[in-house]
Structure formats: structure tokens, C-alpha cells
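Notes follow the structure.
The values are calculated or read from the model by the stated rules, or taken from the named source; none is laboratory data. From a predicted model like this one, the values you see are computed outputs, not experimental measurements. Using ideal geometry, Cβ is built from the backbone for each residue, glycine included, and neighbour counts are taken over all protein chains shown. These area figures cover heavy atoms from the full protein model, side chains too; ligands, DNA and RNA do not enter into them. Shrake-Rupley method; radii C 1.70, N 1.55, O 1.52, S 1.80 Å.
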Amino acid sequence: MNRIRTDILVLGSGGAGLLACLHAHKYAPDLSITVAVKGLLGKCGCTRMVQGGYNVALAPDDSVERHFMDTIEGGKWLNNQELAWTLVTGAQSCIRELENEHGCFFDRNPDGTIHQKAFAGQSFDRTVHKGDLTGIEIINRLAEQVWARNINRLEDHRAIEFIKSAGGDALAGVLMIDIRSGEIVLVQSKAVLLATGGGPTMYRYHTPSGDKSCDGMAMALRAGLVLRDMEMVQFHPTGLLAGPDTRMTGTVLEEGLRGAGGYLLGGDGERFMQNYDPSGERATRDIVSRAMYEEIRRGNTTPLGGLYIEMKHLGADKVRRMFKGMVQRCADCGFDLAAGRVEVIPTAHYMMGGVMFDGDCSTALPGLFAAGEDTGGVHGANRLGGNGVANSTVFGRIAGERMAKWAVSEGAFHDPDEGAIAEAMKQARLPLNRPPGDLERIRERLYEIMWDDVGIIRDAAGLARAQAALAALDAQLEATGVPRSSLAYNLSWHDWLNLKNLILVSRAVTVAAIAREDSRGAHYRSDFPLTDDLGRSAFTRARLQAGDIAIDTEAVQFTRVRPGESLLRT
Ligand SMILES: Cc1cc2nc3c(=O)[nH]c(=O)nc-3n(C[C@H](O)[C@H](O)[C@H](O)COP(=O)(O)OP(=O)(O)OC[C@H]3O[C@@H](n4cnc5c(N)ncnc54)[C@H](O)[C@@H]3O)c2cc1C
């Protein structure tokens, strides 16, 4: 086993990870900083995939209070209000920093001010963007900045386990696999940032990048940390449905299509949204996804089992002009978005839940910090489109500065628990010592369980069925091995590890969904269709205890505003 030491270790190179690197370097340039990534720096994760844009209150008629209220109301009052406040206030300086210090350049109005567009669930047009390729602009510029500094890179390095100190009271480092060689690496560090970006890829249809398999959340559970709001999984209504054999299936067709007046049609060619909500296709993501799921359950489907989106009534030329990127992406998959119909299906997009953390990004484990989509509490029961990348960049910045200060003043290298290292290595190598089996069948089964019973519409019977099925699937995976002829780029081995983490986190989602006996935001129980008294809102807390997921709840503290009140002056 290779052992490396670094003052600061950042796991993940999305918006959270890269800004953390830059800020740690800014505040303590003499420290050694290392970023470890499952893929290549700047080429993986979801920040790169951001299409729509970045929410920030910039316009004179907008305000942080307004952005805050939209975030809290969108989150159905489950948010940690202090984290949400940090998000909306921090976004203002963060967007300036992205432009002025890191070289991002966002779309402009004719007068030179930053252009901001409308996004669902918001009372003001506040989404900053670079066409519909905003994430590429942000990640390319941030990656250039990281490359330009003496920040060490461990690319194709997959974190597998947190290793605590021999005394068990602090973090000593992170165990990883060097994917290129298969060698195990221990990176010892004074401060570690968890920024691996969640990602609900356990659902049959999903949007996040393929490198994401909830590794960070699973590692956090195994390290004894608490994850909150895990039942809150957001589905985006319009994922492309291009057939079972292409990774394009599930990728997002942006919300602006419905916003611009696009129609959703059943397999019978008729619009159906008016039967579900007076706002029709322009209703919020959760409402439209549920209506689409109902329609699919009724069998009113397209040949591939989804529904249609149709734009041609707006005029094909106008659609081509307004949605150039989308039209091209659909054409690549054989669909004519401008003049024809495109098959779509709701697709798992984002996990509002994650590791509990404080406003300075510290966690309950000394030395471990967390930021971005791995964390819970900022968004509550629903994330506003545009608040995701704001979340990862705002908190990535805070984490970088805090870790630098921690590493200088309080942090220390701890002797690792050697027994824990040996156990983690044994677990990671488990599939190499079992007869190779069919991982694809296990993945299909996971998709089926999560889509059918822990998806858009849930009930007690389905969730209980899923809980039992996930336990059985985990046992099946444990008995299934992978080829061991070479450990270098052994993708079957990594698939196995992905599935292991996805099943564990799926169990947390399921048990949290069983515990929440009301419907709000992204979580809908057909057996508890109403939302409980908002004034007595509580969030779920999941932890791993003796191999099982244990759940309790904690009351939301309305530190800034109570349900029924507003921060806005009327
Ligand atoms: C298609 C799509 C469109 C989106 N559009 C928008 C939008 O318009 N606006 C918006 O606000 N949000 C959007 N989002 C959400 C947004 O992308 C995320 O909220 C945000 O970018 C997450 O940032 P992050 O840094 O937490 O994670 P990511 O950017 O996903 O980065 C995670 C990093 O961790 C690495 N990693 C994962 N596992 C490991 C491991 N075991 N070891 C080491 N490294 C690991 C990954 O390789 C990656 O580098 C979109 C998401 C998708 C999928």
C-alpha cells in the first residue's frame, strides 16, 4: 500500500472541490493541497453538466431576502435556514469572483450587465448563464486556475473509506484505489473535504454523470455520520427517452422548453397536464413528474414507454433559434425537437439530502468538512433549479478557507487506525475473491426496485417491499465476484464498488421515505398525500447502526422566518 501525506485533501473536482482548492491555496499558499478525483480533473462530475445556470440576486429589484424566501418556500420549510441564508448571500460575491478572479464570462444584456433568465419556482428572473452550457464555462475556468497553482492532483483515484485516528476521535485520512494500477493508497491529511457530489444514479432513469455513485454519502454512513433528508430525491420531468441501450436516455431536456410553452402529450397524442394542475406544463417539477408518472402507469405511453414533448406549435424556426443546443442534442439521438415529437420520461436528478454539516462546512467528525451535493439541509424538500451550482460553489469557497485555517491552527496528522485500514482493504477486495457473476442483472434489479417502489409516487407497501428487496440484493452482490486477471482499470471491480455504495444509500433513502408519513416537495406518499403542519416541520436523520439504517427526526429551527411569515416587506 502506498502512503501519501498532504495538509489538505479535497475529494472531487466539481464546483465545490475546485473552489475549495483555490480558496485553501489563497488563505494558506504554503500548505500542501491535494485534490483526488475518480475521473480526470475538470472532466467529470455534474457541475460540468449544468445547463440552465446559477441563481443569484443581482438586479436592483431583486434581493437576497426574495431569493431566500423562494428557497425556503420551494424547500417546503424543511431547510436549515442559516445554510439557506449563507447560500443566497454568498452567491452574490461568488458570481463576481467567478468572473473577476477566475475568468468565467456569463451572457450579457445589451447594457453590459449580466443577463439573468427565468427559472421555475422563482419570483424573479435571477438565473445567470452562459447559453445552455454554463457548467462547462465554470469548470473549464476553475480547472485552469487549479492547474496554474501548485495543487497536487490524484486523478483516476477513487476514495473508498474514511480512516479514523487510532483513538477513533478524529479523521486520519482516506483510503483510495488508484484506478490506473489497482493499487491501494492511504492519503493522510489534517483536513479532508467531502465533495463527491451525491447523485441519484440508482434509478433506472437518471441525469448525473456516470462517475457518481453516492460514494461520499456511503463512506459518511460507514464512518458513523448522520445524513439528513435522504427521502428527498428530485425528479426532472423531461429526461430524454432514446431507448434502453444508450446512455443518452435520462439526460435532461431543459425546463425552458415547458416554460416557453412546450406541450406534454400522452401516447394517444393528447395533452394531459391540465387534468392534473391548472398551471399545466408550467407547474413545478414535482407536480409535472407525478402527473407524467400517473399517465405512464395508466398505460398512455409512447412506443418506448414514456410520453412526448412537442414544440412545433411555437414555430420550428423559433424553436431552433431559442433552443439550439437542445435541438442538436435531440437530433443526435434521432429526434426532431423543432418540428416533431421527442419521447421523454421523468428522470432522477438531484438528492436534496446528504451529510449534516455546519455553516463553516465542518462535520461531526473532526478534520472532515463537506460541501456541495454530498450535503443536506440547504434545499430542504426541493431544490430550485439554479440553486445547485450556487450551493456547491458558495460552500466550496467557505470550506477551502476554513480548512486552511484549521490545518494551520488546529489540524494535525493522526496515526491511522491500522485495523480499520486492514478491514477496509478486505471489504474493497471482497469481490476479487468471489466467483465472477452478472453485475448487470444486479444493476437492473436495483433500477427496478428504486424506480417502482422508491420513486415518484411511494406508499408503505412498496417501501417495505423495497427495503426487503434491497437487503436481498446486497447479499446477492456480496456473493458475486469480478474478474481479477488485472487490477489496472478493472472496471468490473469499480462497478461492484459503485453498486455496493448505491445499495447502501438506497437503503437510507427507503428507510427515510418510510419514516416520513406526509407528502411535501419531492417526497410523495399516496397513502399520506397531505402535508403536515409546516409549523411543526421535522427532518429525518439516517445513520448506520449495526448494519441497519436507523432513523430519527429533529425539529426544524425557524431561525429567520416562520411558516406564514415572510422576510419581504409588503
Ligand atoms: C444534467 C444536469 C444539469 C444540471 N443543471 C443545473 C443547473 O442548470 N443549475 C444548477 O444549479 N444545478 C444544476 N445541476 C446540478 C448541479 O450540477 C450540482 O448541484 C452541482 O454541480 C454539484 O456540484 P458538486 O461539486 O457537489 O459535485 P460534482 O460537480 O458532481 O462533482 C463531484 C466530483 O466528485 C468526484 N467523485 C465522485 N466519487 C468520487 C470518489 N469516490 N472519489 C473521488 N472522487 C469522486 C467526481 O468524479 C466529481 O469530480 C445539474 C445537474 C445535472 C446532472
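I'd like the full set of residues that are within 16 Å of the ligand (Cβ to nearest atom), touching a strand residue (DSSP E or B) at 6+ places or on another chain (Cβ under 8 Å), under 23 Å from Gly131 (Cβ atoms) and not in a strand (DSSP E or B), limited to region 305-352.
Arg329, Cys330, Cys333
Scan region 242-276 for residues that are open to solvent by 30 Å² or more (accessible area, probe 1.4 Å), of a type outside the set (Gly, Ala, Ser), farther than 19 Å from Val327 by Cα and part of a loop (DSSP other than H, G, I, E, B) and jot them down.
Correct list: Pro244, Asp245, Asp268, Glu270, Tyr276.
Please tell me if Asp107 is open to solvent by 60 Å² or more (accessible area, probe 1.4 Å) and under 30 Å from Glu254 (Cα atoms).
It is false that Asp107 is open to solvent by 60 Å² or more (accessible area, probe 1.4 Å) and under 30 Å from Glu254 (Cα atoms).
Show the residue pairs meeting these rules: Cβ distance below 7 Å; 6+ apart or different chains; first residue within region 6-22 and within 8 Å of the ligand (Cβ to nearest atom); second residue β-branched (Val, Ile, Thr) and part of a loop (DSSP other than H, G, I, E, B).
Close Cβ pairs satisfying both conditions: Leu11/Thr196; Gly12/Val37; Gly12/Thr196; Ser13/Val37.
Starting from region 542-565, take each residue that is in contact (Cβ under 8 Å) with a residue 40 or more places away in the chain and list its partners that are of a type in the set (D, E, K, R) and open to solvent by 60 Å² or more (accessible area, probe 1.4 Å), counting only C-beta distances under 6 angstrom and pairs at least six apart or across chains.
Thr559/Glu82
Go through (1) in contact with a Cys (Cβ under 9 Å, 6 or more places away or on another chain); (2) surrounded by fewer than 18 Cβ atoms within 10 Å (Cβ to Cβ); (3) not hydroxyl-bearing (Ser, Thr, Tyr) for Arg543 and report which single condition fails.
The failed condition is (1).
All but one of (1) in contact with a His (Cβ under 8 Å, 6 or more places away or on another chain); (2) surrounded by fewer than 24 Cβ atoms within 10 Å (Cβ to Cβ) hold for Ala399, so report the exception by its number.
(2)
Would you check which residues across region 216-227 are crowded, with 24+ Cβ neighbours inside 10 Å and over 20 Å from Ile449 (Cβ atoms) and list them?
Gly216, Met219, Ala220
Hey, could you check region 504-524 for residues that are in a loop (DSSP other than H, G, I, E, B) and free of Cβ contacts under 8 Å to residues at least 60 places away in the same chain and say which is most open to solvent (accessible area, probe 1.4 Å)?
Across region 504-524, the extreme among qualifying residues is Glu517.
Sort through Arg158, Arg149, Arg180 and tell me the only one that's over 26 Å from Glu65 (Cα atoms), within 14 Å of the ligand (Cβ to nearest atom) and either assigned to a loop (DSSP other than H, G, I, E, B) or more than 23 Å from the chain's Cα centre (by Cα) (or both).
Arg180
For region 296-322, which residues satisfy the criterion of being buried (at least 19 other Cβ atoms within 10 Å of the Cβ) and either more than 22 Å from Ala120 (Cα to Cα) or polar (S, T, N, Q) (or both)?
Ile296, Thr301, Thr302, Gly306
What tally of residues in region 354-378 results from selecting those that are away from the ligand (no atom under 13 Å from the Cβ) and either assigned to a loop (DSSP other than H, G, I, E, B) or surrounded by fewer than 24 Cβ atoms within 10 Å (Cβ to Cβ) (or both)?
Result for region 354-378: 11.
Among the residues of region 202-215, count how many are open to solvent by less than 10 Å² (accessible area, probe 1.4 Å), closer than 20 Å to Ala242 by Cα and near the ligand (Cβ under 10 Å from one of its atoms).
1
Between Gly419, Gly411, Gly437, which is more than 30 Å from His349 (Cβ to Cβ), more than 15 Å from the ligand (Cβ to nearest atom) and free of Cβ contacts under 8 Å to residues at least 24 places away in the same chain?
Sole residue among the options that is more than 30 Å from His349 (Cβ to Cβ), more than 15 Å from the ligand (Cβ to nearest atom) and free of Cβ contacts under 8 Å to residues at least 24 places away in the same chain: Gly419.
Given the structure, is Gly210 without any contact (Cβ under 8 Å) to a residue 60 or more places away in the chain and assigned to a loop (DSSP other than H, G, I, E, B)?
Here the answer is yes, as Gly210 does meet what is asked.
Look through region 171-194, keep the residues that are open to solvent by 10 Å² or more (accessible area, probe 1.4 Å) and not acidic (Asp, Glu), and return whichever of them is farthest from Val35 (Cα to Cα).
Ser181
What are the residues in region 551-570 that are surrounded by 14 or more Cβ atoms within 10 Å (Cβ to Cβ) and either over 16 Å from Thr71 (Cα atoms) or out of contact with any Lys or Arg (no Cβ under 8 Å at 6 or more places or on another chain) (or both), if any?
Hits for region 551-570 are Ile551, Thr553, Val556, Phe558, Arg560, Val561, Pro563, Ser566.
Let's see how each residue does on (1) open to solvent by 40 Å² or more (accessible area, probe 1.4 Å); (2) within 14 Å of the ligand (Cβ to nearest atom); (3) within 17 Å of the chain's Cα centre (by Cα):
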{"residue": "His25", "(1), (2), (3)": "no, no, no"}
{"residue": "Pro29", "(1), (2), (3)": "yes, no, no"}
{"residue": "Ile33", "(1), (2), (3)": "no, no, no"}
{"residue": "Leu41", "(1), (2), (3)": "no, yes, no"}
{"residue": "Met49", "(1), (2), (3)": "yes, yes, yes"}
{"residue": "Gly53", "(1), (2), (3)": "no, yes, yes"}
{"residue": "Ala59", "(1), (2), (3)": "no, no, no"}
